[in-house]
Structures are given as structure tokens and as C-alpha cells.
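Worksheet for the structure shown next.
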Amino acid sequence: MRGKSVLLIIGGGIAAYKSLELIRALKTRGCGVHAILTQAGTEFVTPLSVASLSGEKVFTDLFSLTDESEMGHIELSRSADLLVVAPATADLMAKLAGGLANDLASTALLATDKPVLMAPAMNVRMWNHPATQRNLAALKKDGVLFVGPNDGEMACGEFGPGRMAEPAEIAAAIEKYFASGGRLNGLRALVTAGPTQEPIDPVRFIANRSSGKQGYAIADALARAGAETTLVSGPVDIAAPTSVRLLKVTTAREMLAACESALPADVAVMTAAVADWRPEVALNSKIKKDAGAKAPAIQMAENPDILATLARHAQRPGLLIGFAAETENVVAYAQAKLKKKGCDWIVANDVSPATGVMGGDRNTVHIVTAGGVEDWPEMQKSEVGTRLAARIADAVRGKAA
Ligand code: CTP
């Protein structure tokens, strides 16, 4: 961890005393620590003890003009490599899940472009409360990392999950994060995601059921691994990961143009469900339903194949990965697609309605390469993203070696 730096946010809980031990553990490993103490946190540990152990000034007040002129809260939240919240109280979790920023700690969490690791600590009933569990799910979805809480006896005398992870466990989680992160540092990644919409007239379009979730998770994972990531996305209802460059498009032709503008790229992952055809003419005014008239026939034209175009491109991405959404013969079709499209890997998945993959949070994929097929077990789409980023890092490092 030498040379790394952590911004530690100490919330107001009895476990705050353990955060002093955490500062020592991090400093011993060579990691720099700046700390923010929430107002409630100052009831449990003093700014003086935190400053003495971290060897740095402690920040407690959002509106200290001196602090703002020396190091503003945005700068504070971005100069660290990782934000760690320990103890992460139910209140701090709720604030970040809801996007509130009414003190220095919550403002720093919202203003950062760095990953966040939370070590929750609270009473077992608070932890089990549907509101906290809802916030936990939302934060995980946003990419917040968690360590603990552990089961055990609490300061309040109750027993169950809610005890903050021990300082050594939190330090180990931070160490693991730094060891796995940064493997794609200095590389450029391009990801397409979501459906495309092909206009019929100003109010109607042809589209598909793609939610964009898998592509967004992959873009997030690549960015977390250090790649400078451009996400070219069709219309979807999900928020983009903060650390990617988002290019929003509507049609397949716009998606192709956006992808070409993002080249060169070391790796490209094409997860978008691009419409194969578009109405040949997009009418400028709405088609009217005249009584007795025949239903209109829509003449279709073929859209460009973005994956195949990039495969032949003068600036072909170093590692080009396609997706194959199939409803039968998943692996066989993917193998054929690998050849037809001229890409390096195909990530194949079964999107039959019974699998719940379309729009759902889980996925079962097969990685098809010229060398063979890897069958991955069913997992969260976010985990598919993380594992794929790790697999890409292995391949790119192997190629470079
Ligand atoms: N793709 C693309 N541009 C298109 C169509 C598909 O870039 N116009 C990409 C997708 O993003 C995906 C891969 O090609 O990475 C496979 O898409 P898929 O729709 O499964 O393949 P098709 O060639 O359309 O084959 P089919 O629909 O017949 O299965």
C-alpha cells in the first residue's frame, strides 16, 4: 500500500474507537490517511487522537473557510485513491444511497470520483431494517464496496449482524482492493450498451428489451481496474458509473459514429443490442390512421454491424469482444459468430424469457475464444463485469509479455 492514500470518514458510532486502530494499521503498511470526522463521530473520538495517529489535519466542518481555501471538499474527496467509511452508520449509508450532501462527510462521498469502501456498524435491528437493506442494495448497485458487518455481541447488549469488521479485516480489504485495482491502468476501453431505437416517425420507433445493465457493469469494472473507459449507450433507465465517459446515442448509425470517435482503444466490449434493421425512411410527420386505410408497410434497411466494422477498422481495438444473445444453441451460434464478426472473444448468454436475463440482475455466460469455451456459473451481472475485467487484464498482460 506504499504510496497509496485513503480518505477515512469516521461516522458517529461506538465502533469509531476501532477506526483509530485502523489508521495505525494503514500507516504501518505505508498508506497515507486523511480523515473526516462527522459531528457525531466527534462524540466518540476526538479530532486530536485522529490527527495524532494520522499525522494529518482532521476535517470536521463543511463550512470552514480556511479549510476550503487550503483544500476544498471536492479536492479532499478526489486526492485520495480510495474513500473508506468506518464506521458506516445507518445514517451515512442512507445519505449516500439517497444522494444527500448536508455535511462534509456526505458531500465528500457525493463529490468523489474514487471508489468507496464501507464498513457498516449499527444495532442488529437497524441493520436488518428494510430501509437499511434497501440502501445497502442500492449502494452495492452503485458500486460501493463493503466489508462486514460481522455477527457478534454489540455494545447495546444485543447479538447478531451489525458489529463493525475488525481493523485488521478492513485493512486487508483495502489491501486487496489496491492489489486488484489498477491492472488496466493506462489502457483505453470502449464499451457499447443498451438497445438502439430506430425511428419510424417522430413518435414511433423500433427497439428491443435490452436494459443495458450488463454493459454498464462491464464499463464500471473496466474503469475500476484503471482503464480510461468510454461507454457508448443507447437509451436506458440506469445511471452511468461516475468514472466513465458516457456518450449517449439513439440509433445504430449514431452508435457506430460514437464508437469510431472513441478509437483508438486497447479493448472494446460490444454488449449493445444493436437493431439489425431500421425503417428505410424516418418520416418527418406522424403517420395518421385514416379510417379504412390499409395498415402501413414499413420498408426496412440494414444497419451497419458495429462489431464487424471495428474488426476491419484501421484502428481495430487490440482486444475486440462481442456478445451473443441467443435463445438456443448458445455456444454453437457464438462460435459461428466469432468467425463471422472477426472478433477475438464472444461472450455468449442465453436470453430466453425463462432465464430472466433480459432486464434481470443475474447472468450465466460462456466465454468463447478460438482456443475453446469457458462456462461461467450463474452470477450477478456486476460480478460478470468484475470477472471479465480481470480476464481481460490477464489476456492483455499476457499479450504484452
Ligand atoms: N452487433 C453490432 N452491430 C450490429 C449488430 C450486432 O455491433 N448491427 C454486435 C452486438 O453488440 C454483439 C454482437 O454483434 O456484440 C452480436 O450481436 P447479435 O445481435 O447477437 O448478432 P447478429 O449478427 O445480429 O446475429 P443474429 O441476430 O442473427 O443472432
By my count, strands (runs of 3 or more DSSP E) wholly in segment 152-228 with at least 3 residues that are surrounded by 15 or more Cβ atoms within 10 Å (Cβ to Cβ) and under 20 Å from the mean Cα position of the chain (by Cα) are 188-193
Counting only residues in segment 303-321 that are more than 9 Å from the ligand (Cβ to nearest atom) and either part of a strand (DSSP E or B) or without any contact (Cβ under 8 Å) to a residue 12 or more places away in the chain (or both), the one surrounded by the most Cβ atoms within 10 Å (Cβ to Cβ) is identified as Leu320
When Thr42 is evaluated against the numbered criteria (1) part of a helix (DSSP H, G or I); (2) under 31 Å from the mean Cα position of the chain (by Cα); (3) buried (at least 16 other Cβ atoms within 10 Å of the Cβ), which criterion, by number, is the only one it fails?
-> (2)
Subset of segment 322-351 [buried (at least 18 other Cβ atoms within 10 Å of the Cβ), of a type in the set (A, V, I, L, M), more than 9 Å from the ligand (Cβ to nearest atom) and at pLDDT below 95] | Val330, Val351
Could you tell me which residue of segment 122-151 is surrounded by the most Cβ atoms within 10 Å (Cβ to Cβ), considering only residues that are in contact with a helix residue (DSSP H, G or I) (Cβ under 8 Å, 6 or more places away or on another chain), small (Gly, Ala, Ser) and on the phi < 0 side of the Ramachandran plot?
-> Ala138
Exactly one of Gly212, Gly234 is at positive phi and either within 15 Å of the ligand (Cβ to nearest atom) or touching a Leu at 6+ places or on another chain (Cβ under 8 Å) (or both), and that one is Gly212
Screening Ala35, Ala86, Ala97 for residues that are assigned to a strand (DSSP E or B), free of Cβ contacts under 8 Å to residues at least 60 places away in the same chain and either surrounded by 15 or more Cβ atoms within 10 Å (Cβ to Cβ) or not aliphatic (A, V, I, L, M) (or both) leaves only Ala35
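The values are calculated or read from the model by the stated rules, or taken from the named source; none is laboratory data. What you see is a predicted model; the values in this text were computed from it and never measured. Heads up, the Cβs are rebuilt from the backbone with ideal geometry, glycines too, and the neighbour counts pull from every protein chain shown.
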